[in-house]
Structure formats: structure tokens, C-alpha cells
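*Asks:* Following this message is one structure expressed as C-alpha cells.
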Amino acid sequence: MTVKKEVKLLWSYKIDKTERWLSEMAEHGWHLTGVNQWTRTFTFKKGNKKNVTYRIQYGPKSRSIPLTLQKEGWDTVVSEGRWLFLKNEEANISLYPTRDEVVRRNRTHAYIFSALAIFQLATHIPIILLSIVSLTSQDDSFFLEDSLWILLFLLAVGIGLAFFAIYVFKAYRRFELREMDATTDLISKGKKMRKFKLGWMYHLEETKTWLEKLAEDGYELEKVTASIFTFREIEPSNIKYECIFEYKVQPSFFTTHKEFGWKLKYSSNMTLLNYSIWAKHYNVDEPVPQFSYDKEEQKQSIKRAFKMNIGISFYLILLLSFSLYMNYSMDEPFITWSFSGVMRPLLLALLLFWVYMFVQILLSYRKSMREYKNY
């Protein structure tokens with residue numbers, strides 16, 4: 001029996017790519033027989049060349065696949081820890097195993113590594129850099145050489161962790177977009193027009209009305225990049241827009257609404273604290289489509305967005321106020337040609353802006369809730 005082993009260090013963060021690789025191995029006659037999750041080693045046995053579809057699942061240990069999947073031809077190849085490797089040799093497959101747990105697992109890893117990297121960059125890296133600068137000014141060359149090597153090693157570890165966090169997050173996000181069908185619907189025709197709308201996330205109801213008015217004027221939203229809205233010139237149309245905030249997006253969120261004819265125009269990079277914009281065309285003689293026909297659910301959506309936005313603005317006001325206080329000095333003018341003298345007016349401008357935004361969020365929420373007071 002001919003056996004081959006291959007190592008794939010980061011296979012669990014690119015599940016779809018790993019599945020395709022396993023299928024390609026089967027096409028060349030190498031069939032999966034074992035996986036070591038600690039050494040990241042895949043074991044294959046030589047056999048006949050076959051077309052095999054693989055799916056990788058993650059979940060509780062010692063579990064079996066549902067009977068419905070077994071009837072569709074799915075069979076367990078390897079069970080390793082919480083990983084389950086399934087295969088199907090049928091030509092036409094109509095039912096596939098869900099990978100919600102894989103998405104949740106990789107999402108958790110992405111957030112943990114990102115948090116560690118941010119903490120490392122914000123706390124350790126500045127201290128390490130200052131220590132290096134301090135040491136280079138000393139005369140003790142023996143002590144300097146040993147200390148610098150240690151600090152440079154710690155610096156390399158911090159930077160390496162940051163790059164690894166970026167890799168994990170990008171791999172998870174690409175996989176999640178495909179699995180949750182969170183890709184945006186672009187428009188290929190029509191002259192482009194761009195508009196800048198700062199702080200639109202803090203005025204979701206106003207943003208929705210603004211987009212619908214532009215549709216009546218002949219401009220349909222194509223995509224959103226930060227605060228830049230890209231439109232395509234079309235015939236004046238009736239388009240219903242919805243700007244949604246969710247604390248946590250469920251795996252079926254995007255697919256379900258797309259099945260009802262809604263087109264996704266924007267989704268923020270995280271499924272936690274997620275903002276999204278949806279659009280749906282309708283005729284004049286048709287009822288105006290609703291993202292949700294439950295008025296109580298609509299009210300709760302507005303309340304969720306309000307709590308999130310008011311919390312962010314309040315936090316920024318406190319942070320900017322504290323920073324302004326720490327940079328204030330009675331011994332020098334408010335504006336001077338120094339670092340503190342430049343930072344003070346900048347901090348004050350940002351503070352006034354967020355105070356304005358705070359008031360606008362309150363007024364927008366009050367206006368939105370008045371529309372639903374009869375429900």
C-alpha cells in the first residue's frame with residue numbers, strides 16, 4: 001500500500017481551498033485516510049482516480065452526520081478532534097453539509113488574533129521602540145548588543161503577530177462572504193457618480209430617504225466605500241432602500257433576503273456589529289416592499305442602531321475631552337507652533353463635531369420613533 005503525507009500549516013483558515021485540494025488529490029488517485037490536527041499533516045493512500053467532493057465540518061466530538069446527508073451520498077472519511085472530513089462520490093449533489101460552525105470558529109480566531117495584535121502594537125511596540133532609541137545612546141557596547149537583540153526579537157514577534165492576524169482575518173472574511181452569500185450586487189452599466197456622506201451610519205433612516213430620492217432622480221446606488229457612495233445613472237425609478245444594523249448577523253441573513261429579491265449594496269467587514277444597505281426595485285402600481293413587515297421588529301432595529309451609535313459617539317466625546325484636557329496647559333497659548341499647540345485645536349474641532357453628531361443622533365432617533373408611535 002502506497003502512502004503519502006503532506007503538511008498544510010494553515011489549512012483550517014482556507015477551508016474551501018483545502019476542500020478543492022483534497023478533490024484534486026483524489027483525481028490523481030490519492031485518497032484522504034487521516035489528518036493530524038497538531039502536526040497539520042494529511043495522510044493519503046494510493047488508489048483509483050476518482051471524482052470526489054469533500055466537505056469539512058467543525059463541531060462537537062464523536063458526532064455522526066445526519067441521515068438526510070447519508071442518503072445524499074455523504075460519508076465520513078476522517079474524524080479528528082472536532083473536525084469532520086466528509087466525501088461524496090455522486091455526480092450530482094443536491095444537498096451539502098452546513099459550515100456554520102466553521103464560520104463561527106474562524107470568526108472567533110480572527111477577532112482574538114486581531115485583539116492581541118492591536119494590544120501588542122498599541123502597548124508593547126512603542127515601549128520597545130523607545131527602549132531601542134534609549135539604548136543606542138548608551139556607551140556600553142556589550143550591554144547594548146545583547147539588549148538590542150532581545151528588543152529586536154520582541155519587535156519581530158509583535159510585527160509577526162500583526163501580519164498573522166491580518167492573514168487570518170482576511171482569509172476568514174473571504175470564506176465568510178462566500179458561505180453567507182454576502183457579496184454585493186454591482187451594476188455594470190450607466191455613468192458613474194460619486195457622493196460623499198460623512199457619518200451616514202449614524203443617520204440610517206435619513207440615509208435611506210436620501211438614497212430613495214436619488215433613485216427618483218435617476219441614480220441607483222452601486223457600492224459604498226467608507227463614506228463615498230458610488231451611483232450609476234439610470235432611468236428615474238422607484239427603489240426601496242433599507243439601512244440595517246445588527247448586533248450579530250446569522251449565517252442565513254444575506255441568503256434569505258436575497259431570495260426575496262433584495263440586492264445587497266453594502267455590508268461592513270464584520271458580522272458582529274454589522275451595517276448593511278439593501279435595495280429593491282418596484283413599480284408604481286405595486287405595494288412598497290418592506291424588509292420586514294413586522295412593525296415591532298422595525299422599531300427594534302431602529303433602537304439597536306440608536307444604542308450602538310449613541311454609545312460610540314458618547315465614548316468618543318469622553319475620549320476627546322480627556323485628550324484635550326491632557327494637552328491643555330495654562331503656561332502657553334491655546335494655539336502655538338508645537339505638537340500640543342497643533343493638537344489642541346484639532347481635538348477641539350473633533351470634539352465639537354462629535355457633540356454635533358450626538359445631538360443629531362438623538363434628534364434622528366426621536367423623529368424615527370414618532371413614525372411608529374401608533375404601532
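*Asks:* Tally the residues that are in contact with a Lys or Arg (Cβ under 7 Å, 6 or more places away or on another chain) and surrounded by 12 or more Cβ atoms within 10 Å (Cβ to Cβ), restricting the search to segment 265-291.
*Replies:* 9
*Asks:* Out of everything in segment 39-64 that is in contact with an Asp or Glu (Cβ under 8 Å, 6 or more places away or on another chain) and free of Cβ contacts under 8 Å to residues at least 40 places away in the same chain, what residue ends up being surrounded by the most Cβ atoms within 10 Å (Cβ to Cβ)?
*Replies:* F42
*Asks:* Quick one: in segment 16-60, of everything that is assigned to a loop (DSSP other than H, G, I, E, B) and either in contact with a strand residue (DSSP E or B) (Cβ under 8 Å, 6 or more places away or on another chain) or not assigned by TED's automatic domain parsing to the domain that holds G73 (or both), which residue is nearest to V77 (Cα to Cα)?
*Replies:* Per the stated criteria, the residue is V52.
*Asks:* A further question follows. Only one of V77, V103, V3 is under 30 Å from V249 (Cα atoms) and hydrophobic (A, V, I, L, M, F, W, C). Can you tell me which?
*Replies:* V103
*Asks:* Here's a follow-up. Looking only at segment 171-195, count every residue that is outside any loop (DSSP other than H, G, I, E, B) and within 21 Å of the chain's Cα centre (by Cα) and tell me the total.
*Replies:* 9
*Asks:* Looking at segment 87-96, is at least one residue within 22 Å of the chain's Cα centre (by Cα) and either loosely packed, with under 15 Cβ neighbours inside 10 Å or at positive phi (or both)?
*Replies:* no
*Asks:* For segment 284-302, how many residues meet the condition of being in contact with a helix residue (DSSP H, G or I) (Cβ under 8 Å, 6 or more places away or on another chain) and outside any loop (DSSP other than H, G, I, E, B)?
*Replies:* Here the count works out to 2.
*Asks:* Here is a follow-up. Output the qualifying pairs, or none if there are none: Cβ atoms under 7 angstrom, residues six or more apart or on different chains, first residue in segment 176-194 and of a type in the set (S, T, Y), second residue modelled with pLDDT under 85.
*Replies:* T183/L177
*Asks:* Mind listing just one residue for me: the one in segment 179-195 that is loosely packed, with under 13 Cβ neighbours inside 10 Å and of a type outside the set (A, V, I, L, M) and, of those, modelled with the highest pLDDT?
*Replies:* So, considering only residues that are loosely packed, with under 13 Cβ neighbours inside 10 Å and of a type outside the set (A, V, I, L, M), the one modelled with the highest pLDDT is R194.
*Asks:* Quick one: which of E90, E101, E24, E72 is charged (D, E, K, R) and at pLDDT 90 or above?
*Replies:* Only one candidate qualifies: E24.
The values are calculated or read from the model by the stated rules, or taken from the named source; none is laboratory data. Treat the numbers as computed from the prediction; the structure is a model and nothing was measured. Methodologically, a virtual Cβ is constructed for each residue, glycine included, from the backbone with ideal geometry; neighbour enumeration extends over all protein chains shown.
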